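*Asks:* What follows is a structure written as structure tokens; I'll ask about it next.
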Amino acid sequence: MGTESKKPRSVWERLEHMDPRISYWLLIFVIVVPFLRPLGLPISISKETQSFYNTLDALRPGSVVLFDISSGPAAYGEIGPGSIAMMEYVTVVYPGRHEGGRLRIAIVSGGEAEGAIMYEAYARPRLEKAGFQYGADYAWFGFIAGGETMVARLADSIPSLLRNDFFGTTIDKLPVMKGVSNYKDVSVVIVWDSVDATAWYVRHWGAKGVRVGTVCVAVEIPAYITFYRSGEVFGIIGSSRGGAELELLVGKPGVGVATTDTLSTSHLLVIILIIVVHIGLLARKYLPSTGKR
Amino acid sequence: MSILVPGRITGLVVMAIIVVLGIWALERAKRGKVRAVRELAGMAGLRIAAGRCAEMGRPFFHTTGHGGGGLYTARGPQHMAGIAILGYIARLCAKLGVKAVSLTAFPELIPVTEDTIRMAYLGEGKADQVKPDMVRFLSSYALAFKQGYIGQLTREKAGAASLCGAIWPSDALHMSEPGVIIGAMQIGGAIDTDTLSMLALTCDYVFLGEELYAAGAFASENPTQLSVMFASDIVKIGLVLLMIFGFILSSAGVKIAQLFTI
Amino acid sequence: MSWIRGKDVPVGIVFICGLIVTVAYFINVPAVVGVSEAIQTWAVVIAGFAIGLGVVNMVVFHSDSIRKRASGQWPYSVVFLVIFVAQTVSGFFDLAALKNPVYVWLYSNIFSPLAEAMYAILGFFIVSAAYRAMRVRNIETAFVLVSGLLVMLTNAPIGAAIWEGFPILGKWILDVPTTAGNRAIFIGTGIGTILLGLRILLGYERGYIGG
């Protein structure tokens with residue numbers, strides 16, 4: 001930060017140029033406290049989350065849903081709550097609301113090779129626990145290299161790219177993939193996204209009329225709101241806040257709801273720090289005795 | 001079955017128009033009719049940063065980032081633009097006796113960046129200053145790459161850093177904040193809007209969106225390449241007129257949007 | 001044979017491959033689409049071989065740093081080489097199932113926690129960056145600050161608890177000016193990408209072959 005003046009700094013200068021380590025300790029404090037003593041603030045449901053839920057709920061049993069897990073364990077903090085809530089919905093709530101009918105689920109990992117870990121940790125256990133049969137109700141195809149090029153080719157011909165599942169079984173031997181040849185046979189695509197993969201699906205599947213939904217990290221929300229506003233994305237589960245909202249809609253509050261209070265306290269901290277900076281700035285500028293430069 | 005893929009015809013027409021205009025602008029420039037293009041603030045920033053490194057005796061770090069893919073993926077153009085900027089940085093560093101260091105996330109970028117740096121130093125008659133550790137591959141895994149970049153930037157106390165290319169939004173703040181902490185001057189550039197918001201918080205100069213590609217053209221110091229910006233401006237004017245036209249027709253109840261889905 | 005080592009051959013190869021891949025995206029001719037897919041597969045394979053180059057680069061750099069006892073760097077280089085060898089060697093056993101206990105232990109107990117910690121650090125950096133950068137210096141920065149505060153108060157439930165108008169204003173900022181700005185940048189970068197591709201195909205941009 002450059003050489004520092006040896007003259008003692010006034011209080012206002014200290015407020016204006018606070019050591020960032022102080023803000024780090026304050027952040028740790030405001031994150032830990034709500035876990036020990038939850039604030040219990042009400043969480044409103046955003047249009048994007050409600051739309052995500054409604055679209056899935058309106059699918060007919062037997063509809064094919066393509067999940068693309070383009071996210072690794074490092075992004076679990078943001079995507080985890082939404083992903084888990086979505087799996088709870090697909091495996092428990094949807095069958096409950098549709099007289100036992102199930103969605104047919106094809107799972108790939110297009111943008112992130114570590115998607116396989118997310119599948120093993122968060123998708124497969126819930127599918128098995130809910131009694132979903134591998135091959136008949138869902139199939140896992142593993143990481144498919146190629147990024148956006150792969151997504152574009154997948155839209156045109158699914159069997160040519162997904163010849164075998166992760167375990168080597170050919171696609172024609174998987175009942176869940178019967179009759180699925182291209183984008184026309186897929187009802188919705190849902191992307192667990194920490195690598196901008198939703199944009200690939202919007203460009204190559206959404207452009208063909210397939211509805212695309214996303215469970216994404218916070219930094220991607222402003223860009224995906226653009227797609228949501230134009231109807232190219234049917235719903236956004238944005239970071240842990242979106243995950244908390246989906247948990248409430250699904251009726252299974254979990255980690256997302258538990259961490260929403262920390263959102264409030266940490267955001268408040270940032271706002272307070274910004275106010276503190278401006279107090280120092282304005283005091284140095286306008287108070288006569290503060291030794292302005 | 002039609003020869004053209006349905007749903008992509010409008011895209012083909014738009015691309016063809018842009019390509020024709022681009023070729024026209026290039027041919028015009030080759031005949032000497034070069035339009036003046038205002039210099040981007042970031043280019044001046046690169047020169048100031050190189051001068052700062054020379055005064056402080058510190059290296060100038062550069063990276064094209066990770067971005068989720070290397071040269072052969074959809075992120076390739078962004079890496080290319082970043083490498084063009086690296087060439088400019090390397091020429092400046094060679095002139096001023098500064099060590100230029102490029103950190104890459106993809107191995108296929110290693111020979112490209114080595115050649116770029118070597119040619120730049122050779123062009124300034126400073127081939128003896130090129131060292132093998134000027135190009136370092138860190139990791140193709142984004143988090144490991146970021147951490148390696150942060151570690152080397154802070155240990156070697158870079159005087160300046162250029163983060164221009166395929167930078168992910170989460171990488172942008174991770175990689176640029178330590179640069180602020182050590183007092184390095186930073187120039188950023190990306191096409192993702194999420195990344196730009198992060199770079200704007202931490203960098204002294206930022207190439208916004210398309211300016212990254214324009215910076216690549218500026219970095220080439222070739223007026224013919226710069227002339228392509230003229231084609232880009234004409235297309236944008238055309239799009240604005242189309243937007244106004246479409247707004248009027250849509251308001252009148254004409255379903256004009258369907259034209260663009262053929 | 002000097003023409004083989006000149007820049008014209010690589011530029012020619014780029015032009016032909018680029019043209020085929022571009023045309024294949026728009027037309028339904030199986031032969032062209034097949035060649036395009038083959039080219040893209042070759043690109044992935046060639047990039048895969050390049051990992052060997054990366055390994056050599058890393059090992060040389062870190063070995064040099066240890067040999068020269070580079071200040072502040074060499075202990076990390078030792079750690080890197082040890083873990084690199086351990087993870088690589090263990091990964092060769094039980095390759096298909098990836099169940100080698102050493103590999104899994106290193107991945108689960110070193111790699112994964114470090115990756116998650118890296119993501120967590122983002123929170124701290126955002127706080128210090130916001131504190132340092134979000135200051136009112138002129139009218140534009142005032143707009144940035146107010147917009148940022150409103151969006152923060154929209155995202156956190158406390159905003160709605162303080163005043164129900166915050167989420168409404170914040171949503172408007174996300175839905176209208178942010179969307180408009182994003183769309184403008186998307187369009188601009190789309191045009192810029194096409195023109196950069198044109199410059200590369202026509203050989204004006206030669207950065208990928210060292211300028």
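*Asks:* Search segment A:214-231 for residues that are touching a residue at least 24 places away in the same chain (Cβ under 8 Å) and more than 13 Å from residue A:48 (Cβ to Cβ) and pair each with any residue that is in a helix (DSSP H, G or I) and aliphatic (A, V, I, L, M) when their beta-carbon atoms are under 7 Å apart and the residues are at least 6 apart or on different chains.
*Replies:* That search, which allows pairs on different chains as well, returns A:217/A:75; A:217/A:79.
*Asks:* Looking at segment C:141-154, is at least one residue surrounded by 20 or more Cβ atoms within 10 Å (Cβ to Cβ), polar (S, T, N, Q) and within 8 Å of chain B (Cβ to nearest Cβ)?
*Replies:* Checking segment C:141-154: not a single residue is surrounded by 20 or more Cβ atoms within 10 Å (Cβ to Cβ), polar (S, T, N, Q) and within 8 Å of chain B (Cβ to nearest Cβ).
*Asks:* Right, something else. What about residue B:37, is it in contact with a Leu (Cβ under 9 Å, 6 or more places away or on another chain), within 14 Å of chain C (Cβ to nearest Cβ) and part of a loop (DSSP other than H, G, I, E, B)?
*Replies:* yes
*Asks:* So residue C:183 ticks every box in (1) within 8 Å of chain A (Cβ to nearest Cβ); (2) surrounded by 13 or more Cβ atoms within 10 Å (Cβ to Cβ); (3) more than 30 Å from residue B:228 (Cβ to Cβ) but one. Which box is left unticked?
*Replies:* So the condition that residue C:183 fails would be (3).
*Asks:* Name every residue in segment C:17-38 that is at the interface with another protein chain (Cβ under 10 Å from one of its Cβ atoms), free of Cβ contacts under 8 Å to residues at least 24 places away in the same chain, closer than 18 Å to residue A:150 by Cβ and not small (Gly, Ala, Ser), in order of residue number.
*Replies:* C:21, C:25, C:33, C:37
*Asks:* OK, next. Please enumerate the residues belonging to segment B:118-150 that are in a helix (DSSP H, G or I) and within 21 Å of residue B:95 (Cβ to Cβ).
*Replies:* Passing the criteria: B:118, B:119, B:120, B:121, B:122, B:123, B:127, B:128, B:129, B:133, B:134.
*Asks:* While we're on this one: Return the only residue of A:237, A:190 being touching a Gly at 6+ places or on another chain (Cβ under 8 Å), β-branched (Val, Ile, Thr), crowded, with 21+ Cβ neighbours inside 10 Å and farther than 30 Å from residue B:10 by Cα.
*Replies:* A:237
*Asks:* Taking segment B:1-12, which residues are of a type outside the set (Gly, Ala, Ser) and either facing chain C (nearest Cβ under 10 Å) or surrounded by 16 or more Cβ atoms within 10 Å (Cβ to Cβ) (or both)?
*Replies:* B:1, B:3, B:4, B:5, B:6, B:8, B:9, B:12
*Asks:* Something else: Of the numbered conditions (1) within 12 Å of chain C (Cβ to nearest Cβ); (2) in contact with an Asp or Glu (Cβ under 7 Å, 6 or more places away or on another chain); (3) surrounded by 22 or more Cβ atoms within 10 Å (Cβ to Cβ), residue B:65 fails exactly one; give the number of that condition.
*Replies:* All conditions pass for residue B:65, except number (1).
*Asks:* Kindly indicate whether residue A:242 is crowded, with 21+ Cβ neighbours inside 10 Å and either at pLDDT 90 or above or at the interface with chain C (Cβ under 8 Å from one of its Cβ atoms) (or both).
*Replies:* So residue A:242 passes the test.
*Asks:* Here are some residues: C:180, C:161. Which one is farther than 24 Å from residue C:133 by Cβ and without any contact (Cβ under 8 Å) to a residue 60 or more places away in the chain?
*Replies:* One residue alone meets the criteria, C:161.
*Asks:* Among the residues in segment C:117-126, are any more than 19 Å from residue B:202 (Cα to Cα) and outside the structural domain of residue C:175 (by TED's automatic domain parsing)?
*Replies:* Checked against the condition, which is being more than 19 Å from residue B:202 (Cα to Cα) and outside the structural domain of residue C:175 (by TED's automatic domain parsing), segment C:117-126 yields at least one hit.
*Asks:* When both residues are 6+ apart or on different chains and their Cβ atoms are under 6 Å apart, which pairs have a first residue that lies in segment C:113-137 and is facing another protein chain (nearest Cβ under 7 Å), and a second that is surrounded by fewer than 17 Cβ atoms within 10 Å (Cβ to Cβ)?
*Replies:* Sorted first by the residue in segment C:113-137, then by its partner, the pairs are C:124/A:24; C:136/C:142.
*Asks:* Turning to a different aspect of this structure: Answer yes or no: is there a residue in segment B:56-66 that is of a type outside the set (Phe, Trp, Tyr), over 30 Å from residue B:108 (Cβ atoms), outside the structural domain of residue B:107 (by TED's automatic domain parsing) and not in a loop (DSSP other than H, G, I, E, B).
*Replies:* Checked segment B:56-66: no residue is of a type outside the set (Phe, Trp, Tyr), over 30 Å from residue B:108 (Cβ atoms), outside the structural domain of residue B:107 (by TED's automatic domain parsing) and not in a loop (DSSP other than H, G, I, E, B).
*Asks:* Same structure again: Taking only segment A:258-279 into account, find how many residues are facing chain C (nearest Cβ under 10 Å) and touching a residue at least 24 places away in the same chain (Cβ under 8 Å).
*Replies:* Of the residues in that region, 11 qualify.
*Asks:* If you don't mind, there's one more thing I want to ask. Could you identify the single residue in C:50, C:86 that is over 15 Å from residue B:132 (Cα atoms), free of Cβ contacts under 8 Å to residues at least 60 places away in the same chain and within 21 Å of the chain's Cα centre (by Cα)?
*Replies:* Within the list C:50, C:86, the selection yields C:50.
*Asks:* Can you tell which of A:218, A:223 is facing chain B (nearest Cβ under 10 Å), surrounded by fewer than 21 Cβ atoms within 10 Å (Cβ to Cβ) and of a type in the set (Gly, Ala, Ser)?
*Replies:* Checking each option against the conditions leaves just A:218.
*Asks:* Residues in segment B:138-150: is at least one within 17 Å of the chain's Cα centre (by Cα) and more than 8 Å from chain C (Cβ to nearest Cβ)?
*Replies:* No; the residues of segment B:138-150 include none that is within 17 Å of the chain's Cα centre (by Cα) and more than 8 Å from chain C (Cβ to nearest Cβ).
The values are calculated or read from the model by the stated rules, or taken from the named source; none is laboratory data. What you are looking at is a predicted structure, and each value in this text was computed from that prediction instead of being measured. Glycine also receives a Cβ, built like all others from the backbone with ideal geometry; neighbour counts cover every protein chain displayed.
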